[in-house]
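The block underneath contains the structure these notes are about, expressed in structure tokens.
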Amino acid sequence: MNLDDLFEDLEAQFDGYLAADQQRGAFERSHLMRVWHQNGQSTELAAPILGRDFVAGMALGENVFRLIRLVSVLKITLIEMPNSGVPESRYVTVSASEFLERLTLPFSVRWQPFDDELPRAMVVLDVLGQTLVVESAKPDYFQLVPLAAVAHLEFIDVENFDR
């Protein structure tokens, strides 16, 4: 075997490993995610969390924590902000329902149903599998909301629920 060919082959393998490592690390190095919704709009999330079926984080410009179900997402762009102090992206091996089950109950949310532009407010009293047990602003509205009907949730204060 030719020595030059061996070095070229080793160099190509090394470049391949380096490129693969950079690709694998792009997620871990990112601090923001620009989430592109099916309707073409986007939301930028700081300190994002990627779960099995959702992405969540602080929505920039709105100062609220938002959980967006991946079935309502067209694509996600990773953004690095070195030396910004913003926590890096992280992956958790839980679903949206498992994530919500870990929160202290009750909690207030605004939620966006699929195929509806009007956000609605409710208090989540419990999480039963893939269903939210809720109390809404109007008594005749929803008592159970399937997570499958939810495009995204925005967490709000209980004190602000009636506003």
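Some points to look at:
- Residue exposure sequence - 36, 111 - by fewest surrounding Cβ within 10 Å: 36, 111
- Highest average packing first - 58-66, 113-121, Cβ atoms within 10 Å: 58-66, 113-121
- Extension gain for residue 148-residue 9 works out to 45.0 nm (0.36 nm per residue, less the C-alpha to C-alpha distance).
- Projecting the Cα atoms of 129, 113, 76 onto the dipole axis of segment 31-160, where Lys and Arg carry +1 and Asp and Glu carry -1 at the beta carbon, places 76 farthest toward the positive end.
- Residue 131 paired with residue 104, simple spin-label distance in nm, labels 7 Å along Cα-to-beta-carbon: 2.8 nm
- Highest to lowest packing among 38-48, 97-107, scored as the average C-beta count within 10 Å: 38-48, 97-107
- Prolate/oblate/rounded label for segment 31-160 (Cα gyration tensor, a/c 1.5): prolate
Each reported figure results from applying straightforward, stated rules to the coordinates on display, with no laboratory input. Since the model is a prediction, treat every value here as computed from it, not as a measurement. Counting neighbours? That spans all protein chains shown, and the Cβs are built from the backbone with ideal geometry, glycine included.
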